[in-house]
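The values are calculated or read from the model by the stated rules, or taken from the named source; none is laboratory data. What you see is a predicted model, and the numbers here were worked out from it, not measured in a lab. Here Cβ is always computed from backbone atoms with ideal geometry, including for glycine, and neighbour counts include all displayed protein chains. Surface areas here come from the heavy atoms of the whole protein model, side chains and all, with no ligands, DNA or RNA. Shrake-Rupley method; radii C 1.70, N 1.55, O 1.52, S 1.80 Å.
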Amino acid sequence: MTGLANDETWPDTSSAEALSLSTGADYWTTAAAPAHGIRSLRLADGPHGLRVQNDENPDHLGLERSASATCFPPAVTLASSWDPELVEAVGQALGKEARAVGVNVVLGPGLNIKRSPLCGRNFEYYSEDPLLTGMLAGAAARGLQTEGVAACLKHFAVNNQETDRLRVSANVNERTLREIYLRAFQIALRESAAWSVMSSYNRINGEFASQSHWLLTEVLRQEWGFDGIVVSDWGAVRDPVEALKAGLDLRMPGRPEDKRVHEAWRHGQIDANVLENTVSRMRLLCERTAGPAPASPIDYDAHHLLVRKAAAESAVLLKNDAVLPLSFEPGRKIAVIGELARSPRYQGAGSSRVNATRVVTGWDALSAKADQMGAHIEFSGGYALSSSQYLPSLLTEAVELAGRSDTVILFLGLPGEYEAEGRDRTTIELPDNQIALVEALGETDAKIIVALSNGSAVTSHAWRDSAHAIVEFWLTGQAHGDAVADVLLGQVNPSGKLAETIPRRLEDTPAFLNFPGENQSVDYGEGIFVGYRYYDARDIEVDYPFGHGLSYTTFEYCGLEVAVRPLTDTIAFDAKVRIRNIGKRFGQEVVQLYVEDNSGFLSTPRRELRGWKKIGLAPGEDKIVEISVPRERLQHWHVPTADWAYPGGELIVSSGGSSRDLPLETIVTVPGEDIVVKIDEWSTFGEWMDHIELGPRLFDIIEERGGLKGRMADLLEDEGGGRDAVRSVPLATIVEFPGVPVTLEEVKALAA
Ligand code: BGC
């Protein structure tokens, strides 16, 4: 391939085909380049089910109906399982469906960090914690790719809000970027070796993600070793030439008639190796996704059962005043209340919308169970979904039904219009009509069990006392009613744990003063203190903490032992947690391990999740859970050296069933690497003194010239505070004082 060429022969077939690869052939497919051994590939949303559209009328907003496919639970739900194997199994099932209809790239998983509960797309994302996010999104991608379908990790990066998402600049400091927002992608990539990544719409510190050489080439490829393709979000590229040079391979949707890249190539403005890289990466993607479609047809029934299992395993029992699990014994009077019981919300809106193969409502599943078991069951709507205003007639009817029932199963949640791609919420409360309803029902003698359906956090703070039990089902996918019945009736013992904090009030949330920003710009003022890192640092009361989730049995945390490994080992320490099921049922528990860094090397959160394991225990059973923490999980981003670092020191290691229920704790000292900071004349006197090489050399010069004299010498002798004061002064200032026998030039020369 050549760039500059004479007009008659330009472009030659090889170059023309190569250039055509930098954008799609149309809305959902890539161009073929036979001269380079590259066939056309098909892409489709993603992430929790397939959205394969009729090519006549495509869109990227989920407006047009797509071919029917299994609607799996979205990331918000799966995240609460804390179970990478389960998430991988869902990814694999999705991969099978994709493969069967000729889709080569599924646009997901989405793994942006939940910076604010208001983000309209939180239902598509996993967690506020980068480790949990990275491990689970990595598992989803791995599952897809076992079927020969590329995962596409999106939206890279720092796309944490929908407001102004096409223009907004997310202004984030370097440490926060590395430790929180990029970290999730770095971990997911390592866990999955994903074959593609989608660059986001937004800007990062002023630069469009899709045109950032730093992001797409230096960090993603050079540092992390990513060898797949980068595809743009739909319509995210402003300048296709800049995007290509930055490391973006495929601009979508396809704009083959746009010749800007061709023109730039023709005028020698693009290096030959930039285009060659794109060609070889597209070829690699073809190879990775090659192979015939599976011979056996998709077992949609089995996939429906997987949805049911995944949704039930992800349900979070927030509260239970001994009313769950329910039994539908003959004669028992059950009221099912809430419009959501017959018009369920089981997925979010936007580009991820799936045309489900079937949908089971709460009423379908519960009434069938009641018929089987002999309980008496009745329904009342209670509220309308079309408006948040409460209708006295609906409320009165529901209260009357509750009055003649033993138990109310109350379906509450967010109507579809509350959360969707393209816009953020403005509140974390349920609609007023639902709050009025739960409060009114709480006045009756019936036991009130709330089943919640929502894709982003809602606070129960105002009404939780009116309910005897609350189960957060999030968005279950198409087996909605089945999963709800399985959990409420005890077929499945809930084991989900919150992957995000449920705040009490919007005003308490970390980004409250900086969300969603203004003038096309949003400042991430809370820094690394996102989610529980923030609530814990400020000791803020929450509705339910990160990691919380009850069970129908009880676990006792009996003991924690931590064995520290030597510095040469990639594992920093191994924790052994002894846990016992002291209840009467089989149950699963997510044993969580948090670390507080007391090394004092940087400002660090009160505690950070550093490992977990989900295990099952029979009644009376005792197990030792082993969690090994890799050294890199102890590291923080050290800006002066532009690297990850952990200098060693004291750690408080704690374990329990939630970030705020940690009965086990132990203190250990873990070795780390020395941090060699580059110093100059503006480094402090203390930094110079502590520097292994330059400290002694500086003092040799001082001693040769008779030592320090005057005020500086006195202060340095003063252990009562003077010494610390002098140590904190830059050397460039110290040399300005009388009695210091070194010049600024000498200091500069030494540092150089
Ligand atoms: C969304 C992506 C999606 C793409 C294609 C965009 O609007 O942000 O997540 O994959 O459309 O539908």
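Return yes when ALA749 is within 22 Å of THR641 (Cα to Cα), assigned to a helix (DSSP H, G or I) and small (Gly, Ala, Ser) and no when it is not. Lay out the reasoning, then the answer.
Details: within 22 Å of THR641 (Cα to Cα): yes; assigned to a helix (DSSP H, G or I): yes; small (Gly, Ala, Ser): yes.
Here the answer is yes, as ALA749 does meet what is asked.
Any idea how many residues of segment 102-124 are within 13 Å of the ligand (Cβ to nearest atom), aliphatic (A, V, I, L, M) and in a loop (DSSP other than H, G, I, E, B)? I'd like the intermediate steps shown before the answer.
Start the filter on segment 102-124 by keeping residues that are within 13 Å of the ligand (Cβ to nearest atom), which leaves 103, 105-112, 119-121, 123-124.
Filter once more, keeping what is aliphatic (A, V, I, L, M): 103, 105-107, 111.
Filter once more, keeping what is in a loop (DSSP other than H, G, I, E, B): 103, 107, 111.
Final tally of qualifying residues: 3.
Among all residue pairs at least 6 apart or on different chains, which show Cβ distances below 6 Å where the first residue, located in segment 341-356, is touching a residue at least 24 places away in the same chain (Cβ under 8 Å) and the second is hydroxyl-bearing (Ser, Thr, Tyr) and more than 16 Å from the ligand (Cβ to nearest atom)?
Partner pairs satisfying both residue conditions: ARG342/THR361; PRO344/THR361; ARG345/SER453; TYR346/THR476; ASN355/SER68.
Just give me the residues in segment 607-632 being touching a Lys or Arg at 6+ places or on another chain (Cβ under 8 Å) and farther than 24 Å from GLY496 by Cα, in sequence order.
none
If I filter segment 23-55 down to residues being free of Cβ contacts under 8 Å to residues at least 40 places away in the same chain and part of a helix (DSSP H, G or I), which single residue comes out as surrounded by the fewest Cβ atoms within 10 Å (Cβ to Cβ)? Break it down into steps so the answer makes sense when it comes.
Taking segment 23-55 and keeping what is free of Cβ contacts under 8 Å to residues at least 40 places away in the same chain, we get 32, 34-35, 40, 53-55.
Keeping just the survivors that are part of a helix (DSSP H, G or I) gives 34-35.
Working: PRO34: 10, ALA35: 15.
Per the stated criteria, the residue is PRO34.
Out of everything in segment 251-268 that is part of a helix (DSSP H, G or I) and in contact (Cβ under 8 Å) with a residue 24 or more places away in the chain, what residue ends up being farthest from CYS152 (Cα to Cα)?
So in segment 251-268, the residues part of a helix (DSSP H, G or I) come out as 260-266.
Still in the running and in contact (Cβ under 8 Å) with a residue 24 or more places away in the chain: 261-262, 265-266.
On the way: VAL261: 24, HIS262: 27, TRP265: 28, ARG266: 31 Å.
Ranking the candidates gives ARG266 first.
Do you know which of the residues in segment 561-579 that are touching a Pro at 6+ places or on another chain (Cβ under 9 Å) and among the aliphatic types (A, V, I, L, M) is farthest from VAL670 (Cα to Cα)?
Of everything passing the filter in segment 561-579, ILE571 is farthest from VAL670 (Cα to Cα).
Sort out which residues of segment 534-556 are open to solvent by 30 Å² or more (accessible area, probe 1.4 Å) and part of a strand (DSSP E or B), and write them in order of number.
The answer is LEU550, PHE555, GLU556.
Would you please list the contacts, defined by Cβ atoms under 6 Å and residues six or more apart or on different chains, that run from a residue in segment 310-338 that is of a type in the set (Phe, Trp, Tyr) to a residue that is buried (at least 17 other Cβ atoms within 10 Å of the Cβ) and not in a strand (DSSP E or B)?
PHE328/LYS369; PHE328/ALA370; PHE328/ALA375
Which numbered condition trips up TRP463, out of (1) open to solvent by less than 10 Å² (accessible area, probe 1.4 Å); (2) touching a residue at least 40 places away in the same chain (Cβ under 8 Å)?
Answer for TRP463: the failing condition is (2).
Kindly establish whether VAL76 is touching a His at 6+ places or on another chain (Cβ under 9 Å), part of a helix (DSSP H, G or I), crowded, with 23+ Cβ neighbours inside 10 Å and not hydroxyl-bearing (Ser, Thr, Tyr). Break it down stepwise before answering.
On the way: touching a His at 6+ places or on another chain (Cβ under 9 Å): no; part of a helix (DSSP H, G or I): yes; crowded, with 23+ Cβ neighbours inside 10 Å: yes; not hydroxyl-bearing (Ser, Thr, Tyr): yes.
Here the answer is no, as VAL76 does not meet what is asked.
Restricting the search to segment 581-603, which residues are surrounded by 17 or more Cβ atoms within 10 Å (Cβ to Cβ) and without any contact (Cβ under 8 Å) to a residue 40 or more places away in the chain? Walk me through how you get there before you give the answer.
First pass over segment 581-603, keeping only residues surrounded by 17 or more Cβ atoms within 10 Å (Cβ to Cβ): 581, 583, 587-597, 599.
Hit for segment 581-603 is GLY583, nothing else.
So how many residues does segment 68-81 have that are within 16 Å of the ligand (Cβ to nearest atom) and farther than 14 Å from GLY46 by Cβ?
1
Can you find, within segment 701-723, the residue that is farthest from PRO738 (Cα to Cα) among those that are open to solvent by 90 Å² or more (accessible area, probe 1.4 Å) and without any contact (Cβ under 8 Å) to a residue 24 or more places away in the chain?
So the first thing to find is which residues in segment 701-723 are open to solvent by 90 Å² or more (accessible area, probe 1.4 Å), and the list is 703-705, 709, 711, 717, 719.
Filter once more, keeping what is without any contact (Cβ under 8 Å) to a residue 24 or more places away in the chain: 703-704, 717, 719.
On the way: GLU703: 16, GLU704: 17, GLU717: 16, GLU719: 21 Å.
Checking each candidate, the answer is GLU719.
Checking the condition more than 19 Å from GLN588 (Cβ to Cβ), assigned to a strand (DSSP E or B) and within 20 Å of the chain's Cα centre (by Cα), which residue from TRP612, TRP637, TRP644 passes?
Working: TRP612 fails: more than 19 Å from GLN588 (Cβ to Cβ); TRP644 fails: within 20 Å of the chain's Cα centre (by Cα).
One residue alone meets the criteria, TRP637.
Do we find that PRO58 is surrounded by fewer than 21 Cβ atoms within 10 Å (Cβ to Cβ), within 15 Å of the ligand (Cβ to nearest atom) and either of a type in the set (Gly, Ala, Ser) or more than 23 Å from the chain's Cα centre (by Cα) (or both) in this structure?
On the way: surrounded by fewer than 21 Cβ atoms within 10 Å (Cβ to Cβ): yes; within 15 Å of the ligand (Cβ to nearest atom): yes; either of a type in the set (Gly, Ala, Ser) or more than 23 Å from the chain's Cα centre (by Cα) (or both): yes.
Yes: the conditions hold for PRO58.
Inside segment 413-433, can you point out the residues that are assigned to a loop (DSSP other than H, G, I, E, B), surrounded by 20 or more Cβ atoms within 10 Å (Cβ to Cβ) and more than 16 Å from the ligand (Cβ to nearest atom)?
Across segment 413-433, the qualifying residues are LEU414, PRO415, ARG425, ILE428, LEU430, PRO431.
Results for (1) modelled with pLDDT of 95 or more; (2) surrounded by 24 or more Cβ atoms within 10 Å (Cβ to Cβ), shown as yes or no for each residue.
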residue: THR2; (1), (2): no, no
residue: LEU19; (1), (2): yes, yes
residue: LEU86; (1), (2): yes, no
residue: GLN92; (1), (2): yes, no
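Looking at (1) assigned to a loop (DSSP other than H, G, I, E, B); (2) open to solvent by less than 50 Å² (accessible area, probe 1.4 Å), which is the one condition that is false for ALA483?
Among (1) assigned to a loop (DSSP other than H, G, I, E, B); (2) open to solvent by less than 50 Å² (accessible area, probe 1.4 Å), the lone unmet condition for ALA483 is (1).
Of the residues that sit in segment 31-52 and are within 17 Å of VAL231 (Cβ to Cβ) and over 27 Å from the mean Cα position of the chain (by Cα), which one is nearest to the ligand (Cβ to nearest atom)?
The extreme case among them is LEU41.
What is the residue count in segment 278-293 for residues that are in contact with a Lys or Arg (Cβ under 9 Å, 6 or more places away or on another chain) and part of a helix (DSSP H, G or I)?
Summing the residues that are in contact with a Lys or Arg (Cβ under 9 Å, 6 or more places away or on another chain) and part of a helix (DSSP H, G or I) in segment 278-293 gives 1.
Any idea which of (1) surrounded by 14 or more Cβ atoms within 10 Å (Cβ to Cβ); (2) touching a strand residue (DSSP E or B) at 6+ places or on another chain (Cβ under 6 Å); (3) of a type in the set (S, T, N, Q) is the one SER658 doesn't satisfy?
Just one mismatch for SER658, condition (2).
In segment 511-530, which residues are over 13 Å from ASN160 (Cα atoms) and either buried (at least 16 other Cβ atoms within 10 Å of the Cβ) or of a type outside the set (S, T, N, Q) (or both)? Give the derivation first.
Kept after step one, since they are over 13 Å from ASN160 (Cα atoms), are these residues of segment 511-530: 512-513, 518-520, 525-529.
PHE512, LEU513, GLU518, GLY525, GLU526, GLY527, ILE528, PHE529 - these are the residues of segment 511-530 that are over 13 Å from ASN160 (Cα atoms) and either buried (at least 16 other Cβ atoms within 10 Å of the Cβ) or of a type outside the set (S, T, N, Q) (or both).
What residue, of ARG610, ARG606, ARG578, is closer than 23 Å to ILE180 by Cβ, among the charged types (D, E, K, R) and either open to solvent by 70 Å² or more (accessible area, probe 1.4 Å) or free of Cβ contacts under 8 Å to residues at least 12 places away in the same chain (or both)?
Numbers: ARG610 fails: either open to solvent by 70 Å² or more (accessible area, probe 1.4 Å) or free of Cβ contacts under 8 Å to residues at least 12 places away in the same chain (or both); ARG578 fails: closer than 23 Å to ILE180 by Cβ.
Among ARG610, ARG606, ARG578, only ARG606 is closer than 23 Å to ILE180 by Cβ, among the charged types (D, E, K, R) and either open to solvent by 70 Å² or more (accessible area, probe 1.4 Å) or free of Cβ contacts under 8 Å to residues at least 12 places away in the same chain (or both).
Among the residues that make up segment 490-505, is at least one of them open to solvent by 10 Å² or more (accessible area, probe 1.4 Å), touching a residue at least 12 places away in the same chain (Cβ under 8 Å) and not in a loop (DSSP other than H, G, I, E, B)?
no
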